[in-house]
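Notes follow the structure.
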Amino acid sequence: MRGLLRPVGPLPASVYWVRRLVLLAAVGLVIYLAVSLLRPDEPETSSQASPRPSSSRTPAALITPTNEPTGGVVSRRHRSSGGGGGSGSSDQATERTSGAARGSNAKEPAPVGTSPEGAERSTRRSPGQPEDCWSDQIRVAMDLEKDSLAAGQPLAITLRLDQTAPRPCRLTIGPETLRLRITSGSDLIWDSEQCPAALPRGPVVLEPGTTSSLVVTWPGRRSAHGCPSDTATALPGYYHAWATVAGVDHGHVRFRLT
């Protein structure tokens with residue numbers, strides 16, 4: 001221990017201390033280099049965070065319905081709960097049902113002549129023109145020229161239209177918005193879709209509190225594609241006339257052929 005603190009030799013003690021310091025420095029340098037070689041390199045960290053992808057959404061496009069009438073039929077259609085008329089066993093007075101039969105799962109009505117998808121009730125109107133009628137505003141009643149007539153005779157069917165809106169509305173009458181059918185039981189006797197020329201055409205303005213009348217004449221015969229004039233005459237029995245206006249069934253009336 002004394003030799004470590006007080007070097008013994010022919011040279012001055014300072015020489016031995018310098019040698020010892022140099023040796024310690026060399027040993028320390030070797031240890032540092034060895035540790036540096038054995039230690040794995042640390043991953044370099046970026047000074048800036050990588051940009052995140054944008055999470056913004058593009059809003060869905062809004063569907064803007066047109067306010068111009070196109071004469072199309074609205075999509076909502078309700079069937080009347082009454083059954084088809086067939087041959088009966090006793091004479092009965094004409095049965096009349098008015099008003100639209102509406103189901104519990106009925107969709108929101110659309111204006112006549114406007115696309116049903118995305119339709120919105122619009123208060124904008126062209127100057128001097130009433131807005132289109134909505135299907136749930138229209139009411140239809142049917143009157144027959146006769147409750148009983150001879151087989152083969154034509155029958156005039158009058159449709160009386162009114163509406164429940166506080167302002168006038170316009171309904172374009174034609175094959176796209178008006179359909180009339182004559183049935184006997186489950187047998188379709190005559191359909192205006194096969195004879196569109198039998199229907200009146202043109203715009204009708206329905207005023208609040210007033211009734212507009214349309215007349216459709218059934219020729220007393222069956223109909224077929226192309227509406228030929230040589231189809232079979234309807235046989236004696238009981239029949240029903242069905243009216244569909246703006247895609248909504250508005251009941252039926254019963255009559256008899258003798």
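The values are calculated or read from the model by the stated rules, or taken from the named source; none is laboratory data. As the structure is a computational prediction, the values presented were derived from the model and not from experiment. All Cβ positions, glycine included, derive from the backbone under ideal geometry; neighbour counts span all protein chains shown.
Assorted remarks:
- Condition met for Arg221 (more than 30 Å from Glu131 (Cβ to Cβ) and not β-branched (Val, Ile, Thr)): yes
- Conditions (1) surrounded by 14 or more Cβ atoms within 10 Å (Cβ to Cβ); (2) modelled with pLDDT of 90 or more; (3) touching a strand residue (DSSP E or B) at 6+ places or on another chain (Cβ under 6 Å); number of the one not met by Pro219: (3)
- Selection within segment 176-197: residues that are in contact with a strand residue (DSSP E or B) (Cβ under 6 Å, 6 or more places away or on another chain) and of a type in the set (Gly, Ala, Ser). The member of this set that is nearest to Met142 (Cα to Cα) is Ser192.
- Residue match in segment 235-258 (condition: without any contact (Cβ under 8 Å) to a residue 24 or more places away in the chain, hydroxyl-bearing (Ser, Thr, Tyr) and on the phi < 0 side of the Ramachandran plot): no
- Check on Leu214, at pLDDT 90 or above, in contact with a strand residue (DSSP E or B) (Cβ under 7 Å, 6 or more places away or on another chain) and closer than 20 Å to Ser135 by Cα: yes
- Tally of residues being surrounded by 18 or more Cβ atoms within 10 Å (Cβ to Cβ) and either under 19 Å from Leu257 (Cβ atoms) or polar (S, T, N, Q) (or both) across segment 172-211: 12
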